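Accompanying notes for the structure given below.
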Number of protein chains: 2
Amino acid sequence: MRFTSEQRFDDGVLEREFTLGEIPGILWTPASASAPAPLILIGHPGGLHRMRPRLVARARHSVADGFTAATIELPGSGDRPRSAIAEQARADLRRALEAGEPVEEEIVDRLVLPLAEKAVPEWQAALDALLSLPEVGGPVGYSGGLIAIGVRLAIVEPRIAAAVLFAGSFVPRTLFDEARQVTIPLHVLLQWDDEANDRQAALDLFDAFGTKEKTLHANMGGHTGVPQFEGDAAARFFTRHLR
Amino acid sequence: MRFTSEQRFDDGVLEREFTLGEIPGILWTPASASAPAPLILIGHPGGLHRMRPRLVARARHSVADGFTAATIELPGSGDRPRSAIAEQARADLRRALEAGEPVEEEIVDRLVLPLAEKAVPEWQAALDALLSLPEVGGPVGYSGGLIAIGVRLAIVEPRIAAAVLFAGSFVPRTLFDEARQVTIPLHVLLQWDDEANDRQAALDLFDAFGTKEKTLHANMGGHTGVPQFEGDAAARFFTRHLR
């Protein structure tokens, strides 16, 4: 892990870009750190640059609440090498959406499954590197999408103790079986009036999660219109489970 | 409105029982009141005595958050005269539940509709009396069940500015049409694994609400197992909309 740049925000948050091998990432910590603070992994659908304003807002909120926060680029997104399979699946998805057709499950499988397969070990490698820093501690939370990555991490990565999941992406069929294996506390966000979202699939997925400690928060406001107060609610969830 | 008894809790909450004509009720205010505080009407399924421990806990939470709180007995519950129609509907409901049969919609209609019809003007009369007290102010929130009473009040009573609704009771068919007329902010609680609850009806009702500001919180824990942190979430909702 190699730090490549740093800047300080006026709220006392230190933001550092890093690379982990070929993978770019960003770490946010309190500028004046004392004890190691629990880490929240900030998930996203890929494209650090495009997503950056929203990621930075979520990360600064987390640091203000006493956590550290970090994210890495997804395989095939941003400046990372494209995958032919994923590009083809994305083109097929776009074509279906533009034609107003239902998105076939095999397109979702082609898009999401190889991505999650490749991303999960990368997030685990990032965890190894991040947790070796003196200012970053456990337990770890995962927050955001893609939900397939969050669910897989919740199952295979014992250092992750709680997760906030955005039920807003396409759900591959195998995810329902994986969901039953999740036993950590979950806080699931659903934008009720998100036209790009399969609401019934999101509700079915919430139902499938095996954990006894799961909460669903559904709001209005469209795909990107998660209300501001949900940031506070997510922070309280992590405070209950990571502190 | 006639106060019939009072007691002080050690957290500085003054609890006074009252009667409004033949209707018993309870008012909770800060023992040392200064300015009038917004009122939260504490809804329930009927039976003040049976429900009392839970009602008192919710009311003291509200007063600690800077509100006043009040409730009244429902028609046909507690010491109030029974209604032959409601008793018959309740017996039919019990019979269906014990036989493991689906509850017919006309039973729910017979049980809930006359009750809401009678209860809503009573809650409005209670509002008149309560808001004439110097320590009680507006705007007003409604919190709890029966959901048919909460929805009707949200439509017909302009002094009610926000409502927390428990989606845990039987839903008469006409409620879906009424739900579309609701325009105040709503915070809806659903116990996901409540076997006595029709989950799909609750989700359909949430979808039907006409307000653009609606949030659904679904949790595990069965019918009476609403997690403690939901009390705080409801308080934050009322603070956003009543203060």
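Bear in mind these aren't lab numbers, they're just calculated from the coordinates by the rules spelled out. What you see is a predicted model; the values in this text were computed from it and never measured. Glycine gets a Cβ as well: all are built from the backbone with ideal geometry, and neighbour counts include every protein chain shown.
List the trypsin sites (Lys or Arg not before Pro) in region B:179-224 that DSSP assigns to loop (not H, G, I, E or B) and whose Cβ has at most 11 other Cβ atoms within 10 Å. Which are they?
B:212
Between amide H atoms placed 1.01 Å from N, distances below 5 Å from residue B:213 occur with B:186, all of them 5 or more places distant or on a separate chain. A simple count of charges around residue A:123, restricted to other residues whose Cβ falls under 13 Å of its Cβ and scoring Lys, Arg +1 and Asp, Glu -1, yields -2.
By the Cα gyration tensor, region A:141-189 has an equivalent ellipsoid whose semi-axes, rounded to whole angstrom, run 15, 13, 8 from largest to smallest.
Placing unit charges on each Cβ (+1 for Lys and Arg, -1 for Asp and Glu) gives the protein assembly as shown a dipole about its Cα centre, and among B:23, B:12, B:184 the Cα reaching farthest toward its positive end belongs to B:12. For the protein assembly as shown, the residue among B:203, B:91, A:48 whose Cα projects farthest onto the positive side of the dipole built from Cβ charges is A:48.
For region B:209-224, the Karplus equation 6.51 cos²θ - 1.76 cosθ + 1.60, evaluated at θ = phi - 60°, returns couplings of 3, x, 5, 7, 10, 9, 10, 10, 10, 10, 9, 8, x, x, 3, 9 Hz by residue, with Gly and Pro reported as x. Near residue B:136, the amide H atoms lying under 5 Å from its own belong to B:37; only residues 5 or more places off or on other chains count, and H is placed 1.01 Å from N.
Here the Gaussian network model covers chain B, with springs between Cα atoms less than 10 Å apart; of B:64, B:119, B:99, B:99 fluctuates the most.
Between this copy and the others, label points of residue A:240 are 1.7 nm apart in ascending order, each placed 7 angstrom from Cα in the Cβ direction.
For the protein assembly as shown, a simple Cβ point-charge model (Lys and Arg +1, Asp and Glu -1, everything else neutral) yields a dipole of about 1040 debye relative to the Cα centre. Helix B:105-131 and the longest principal axis of the C-alpha atoms of chain B enclose an angle of approximately 10°. Report, in degrees rounded to the nearest 10, the 0 to 90 angle that the Cα long axis of helix A:147-156 makes with the longest principal axis of chain A. Tilt relative to chain A: about 60 degrees.
Near residue A:31, once Lys and Arg are set to +1 and Asp and Glu to -1 for all other residues with Cβ below 11 Å from its Cβ, the sum equals -3.
Can you tell me which of B:29, B:215, B:224 moves the most in a GNM of chain B? Springs connect C-alpha atoms under 10 Å apart. So, out of B:29, B:215, B:224, the one fluctuating most is B:224. Across the protein assembly as shown, how large is the tail of the calculated P(r) beyond 36 Å, expressed as a percent of all Cα pairs? Beyond 36 Å sits 39 percent of the P(r) for the protein assembly as shown.
To the nearest 500 deg cm²/dmol, what mean residue ellipticity at 222 nm is calculated for chain A from DSSP H runs of n ≥ 4 alone, each contributing -39,500 (n - 2.57), summed and divided by the residues? When only DSSP H runs of four or more count, the value is -13000 deg cm²/dmol. Pairs of C-alpha atoms in region B:90-243 farther apart than 22 Å represent 43 percent of all such pairs.
Computed from Cα positions, the angle between helix A:229-242 and the longest principal axis of chain A comes to roughly 70 degrees.
What trypsin sites (Lys or Arg not before Pro) does region A:1-103 have in DSSP loop regions with at most 14 other beta carbons within 10 Å?
On the way: sites: A:2, A:8, A:16, A:50, A:54, A:58, A:60, A:82, A:90, A:94, A:95; in loops: A:82.
For trypsin sites (Lys or Arg not before Pro) across region A:1-103 that sit outside H, G, I, E and B with at most 14 neighbouring Cβ atoms in 10 Å, the list reads A:82.
With the label put 7 angstrom out from Cα along the Cα-to-Cβ vector, residue B:174 ends up 5.3 nm from the copy partners, going from closest to farthest. Under conditions of 37 °C and 0.692 mPa s, region B:40-79 yields 315 µm² s⁻¹ as its translational diffusion coefficient, taking Rh as the Kirkwood radius over Cα pairs in the Stokes-Einstein equation.
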